[in-house]
1. When you check residue A:20 against the structure, is it in contact (Cβ under 8 Å) with a residue 40 or more places away in the chain and farther than 26 Å from residue B:89 by Cβ, yes or no?
2. Would you point out the residue of the range B:1-30, among those that are crowded, with 16+ Cβ neighbours inside 10 Å and touching a helix residue (DSSP H, G or I) at 6+ places or on another chain (Cβ under 9 Å), that is nearest to residue B:113 (Cα to Cα)?
3. Residue check, residue B:48 against (1) of a type in the set (A, V, I, L, M); (2) surrounded by 15 or more Cβ atoms within 10 Å (Cβ to Cβ); (3) part of a loop (DSSP other than H, G, I, E, B), all met but one. Which one?
4. So if I check each of A:81, A:24, A:92, which one is facing chain B (nearest Cβ under 10 Å) and of a type in the set (A, V, I, L, M)?
5. In the range B:62-100, what residues are under 23 Å from residue A:93 (Cα atoms) and either assigned to a loop (DSSP other than H, G, I, E, B) or without any contact (Cβ under 8 Å) to a residue 40 or more places away in the chain (or both)?
Amino acid sequence: NAGVTQTPKFQVLKTGQSMTLQCAQDMNHEYMSWYRQDPGMGLRLIHYSVGAGITDQGEVPNGYNVSRSTTEDFPLRLLSAAPSQTSVYFCASSYSRLGGSYEQYFGPGTRLTVT
Amino acid sequence: AQSVSQHNHHVILSEAASLELGCNYSYGGTVNLFWYVQYPGQHLQLLLKYFSGDPLVKGIKGFEAEFIKSKFSFNLRKPSVQWSDTAEYFCAVILNTGNQFYFGTGTSLTVIP
C-alpha cells in the first residue's frame, strides 16, 4: 500500500492564483480530512469527508473548497490564493467515520507559499 | 469553545532524562485521545491512542500515556529519552460521537546527546 499520497510537495503561488492540492489513499478509508499546520498553532482542520459525496467544514474552511467524488481522492482547492494561506497542508484518512475509533494516517504534506 | 491545550511549547532534555508532556482538553463527553509525533521533515505518525479500558496506554518506542478523566488530561511519558526522540509531539482529541479531530499546538522536544 502507498498509504496517503499528496501532490505537489512544494508550491509557490502568486496572490489571486488558484490551484488544487491532490490527496489520495489506497486503504479504502471512509474518512478523509485536510489540515493546515502553522507555527505555534498546531494542526487545524480545514474540511473533512465521511464518505464519497459527503463533505463538511472544519475549524478554518474559509478560502478552501473540497469535493469527494470517489473513496480514494479528496482534493483541496484554493480558488484565489492569499498570503494568509501560506502553510503546510496535510491530508489524512482513517477507517471509521464515527468517533475516530481508528487513528488517522497522514500524508507527507504540501508546503505552500503565497507571495 | 472546545480546545486541546499543550502547555509545554518547547522542552529540552538530556539523554536518559525522563519526559512528561502535558495535554488537557475541554470536552465534556466521551473522548478518544491520541498522541502523534512528527520527526523533522516527516509527516505525523501515531504514538499511541486511548479509546476505553485501562487508562494507562503503551505506545511505540517506549512511550506511554495516562488518561485521567477527572482532570481532563492525557499526559505523555517516557522514562528515558534518546536523541532520536527529538521531534514535535501533538495531542489530539475526538468526541466519541463526533467527526472532527482537534489537535493541540504541539510541543517541540529537543534531546541533547
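1. So residue A:20 fits the description; yes.
2. Residue satisfying both the conditions and the ranking: B:13.
3. Every condition holds for residue B:48 apart from (3).
4. A:92
5. B:96, B:97, B:98, B:99, B:100, listed by residue number.
Read-outs throughout are calculated quantities, based only on the coordinates presented, and are distinct from any laboratory measurement. These figures come from a predicted structure and were not determined experimentally. Counting neighbours? That spans all protein chains shown, and the Cβs are built from the backbone with ideal geometry, glycine included.
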